[in-house]
Amino acid sequence: MGKCSIAMISVVIPVYGCKTCLDELSSRLASTFATIPVDYEIIFVNDASPDGAWMKISELHEKNPNIKGIDLARNFGQHHAITAGLDHAQGDWVVVMDCDLQDRPEEIPKLYEKALEGYDVVFGRRVQRHDGLLKKASSKLFYRVYDYITGHTSDHTVANFSINSKKVVEGFKSMREQSRFFPLFIQWMGYPSVSIEVEHNERKAGKSSYNIKKLVRLATDGIISQSNKPLRLSIQFGFFIASISFLYGLYLFFRYFFLAEPVQGWTSVMVSIYFIGGLMFCNLGVLGLYIGKVFNEAKDRPLYLIRDTTENAKTTDSNYTRKRS
């Protein structure tokens, strides 16, 4: 009789500003995987962390060969770093989590056990979030606007922390858009998924790199890359304004010819001009965002560039990376 193959779980962790967490994180991950019958690999993706995290990742690799590292050439952003890790993950299942220990390694067996019930994706739902008020509020606002524009139903308590089957990861790897948002891509694919409650801890080190400007940009990119409804809303609003203007014109026409009332015009005309002008600039701005996205995709640049890996092996697939000269 042949041996039963043991499943392998890959853990993909983008790293930025959390060097001091990596020792505890890797130790807790190793202890967690000692409790379940699987092989594992931990892939730290250094997204140009300014605190010297790559040195720490290299040290951890020397101590534990199951720990691997990818050092990106510059800061490409969290979701591009996740993409780099998924491109190199070898597991039958892949866990995506943050590096700041808010996502608890001890919750991974719970995600894996639920996945074995027949789900391709299991998200961790953070019922009690240990985040700031601004981050909680901005998350709720983003998902409400996103759901309205795209017609989806999202859960603002769900973020990156999840376990995904190999076919889900392969599907994600085939999506090479420049504008990336991991949870939305996974949900869009439509594989059987579920979310379960997990414990969410306070951040052990560093602070969130998402300020107001970055949150707005992420929201804009996520909405525009996933839906063209803003363009349709722009057209509908334009027709609405045109209809109001037409009805108002009929009203003025009636007053002038049937009631013999002179039309007082300069102020109302100037206000109307500025109002319509503002709408036109707004609509052109929305259109410009879409054209900008098309321009970025047309350049077909790689999603990330790798400076080094702990294996000292660089992929030559131009869809994933490009060798530095």
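Take residues that are at pLDDT 95 or above and more than 18 Å from the chain's Cα centre (by Cα) and tell me which of the helices (runs of 4 or more DSSP H) falling wholly in region 113-206 contain 1 or more.
166-173
Return only the number of the condition from (1) modelled with pLDDT of 75 or more; (2) open to solvent by 90 Å² or more (accessible area, probe 1.4 Å); (3) charged (D, E, K, R) that Arg322 does not satisfy.
All conditions are met except number (1).
Can you name the number of the only condition in (1) touching a helix residue (DSSP H, G or I) at 6+ places or on another chain (Cβ under 7 Å); (2) open to solvent by 50 Å² or more (accessible area, probe 1.4 Å); (3) part of a helix (DSSP H, G or I); (4) at pLDDT below 80 that Leu279 fails?
Just one mismatch for Leu279, condition (2).
What is the one condition in (1) more than 25 Å from the chain's Cα centre (by Cα); (2) over 23 Å from Ala115 (Cα atoms) that Gly52 does not satisfy?
(1)
List every residue pair whose Cβ atoms lie under 6 Å apart, where the two residues are 6 or more positions apart in sequence or sit on different chains, the first residue falls within region 295-310 and is open to solvent by 80 Å² or more (accessible area, probe 1.4 Å), and the second residue, located anywhere, is among the small types (Gly, Ala, Ser) and assigned to a loop (DSSP other than H, G, I, E, B).
The qualifying pairs are Arg307/Ala73.
Quick check: is even one residue across region 22-37 of a type outside the set (D, E, K, R) and in a strand (DSSP E or B)?
The answer is no, given that none of the residues of region 22-37 is of a type outside the set (D, E, K, R) and in a strand (DSSP E or B).
For region 62-83, what are the residues that are farther than 27 Å from Gly118 by Cα and assigned to a helix (DSSP H, G or I)?
Within region 62-83, Glu62, Lys63, Gln78, His80, Ala81 meet the criteria.
Quickly run through region 221-237 and pick out the residues that are of a type in the set (S, T, N, Q), in contact with a Ser or Thr (Cβ under 9 Å, 6 or more places away or on another chain) and part of a helix (DSSP H, G or I).
Passing the criteria: Ser225, Gln226.
Checking the conditions here, which among Ala53, Ala34 is free of Cβ contacts under 8 Å to residues at least 60 places away in the same chain and open to solvent by 10 Å² or more (accessible area, probe 1.4 Å)?
Ala34 is the lone residue from the list that is free of Cβ contacts under 8 Å to residues at least 60 places away in the same chain and open to solvent by 10 Å² or more (accessible area, probe 1.4 Å).
Assess whether Ile43 counts as being over 16 Å from Glu107 (Cβ atoms), more than 22 Å from the chain's Cα centre (by Cα) and either of a type outside the set (Phe, Trp, Tyr) or surrounded by 15 or more Cβ atoms within 10 Å (Cβ to Cβ) (or both).
Taking the combined requirement at face value, the residue does not satisfy it.
Could you please find all residues in region 70-82 being buried (at least 23 other Cβ atoms within 10 Å of the Cβ) and over 17 Å from the mean Cα position of the chain (by Cα)?
Ile70, Leu72 - these are the residues of region 70-82 that are buried (at least 23 other Cβ atoms within 10 Å of the Cβ) and over 17 Å from the mean Cα position of the chain (by Cα).
The values are calculated or read from the model by the stated rules, or taken from the named source; none is laboratory data. If you're wondering where the values come from, they're calculated on a predicted model, not measured in any experiment. Every residue, glycine as well, gets a Cβ built from its backbone with ideal geometry; the counts of neighbours run over all protein chains shown. Side chains are part of the model used for accessible areas, which takes the heavy atoms of the whole protein and leaves out ligands, DNA and RNA. Shrake-Rupley method; radii C 1.70, N 1.55, O 1.52, S 1.80 Å.
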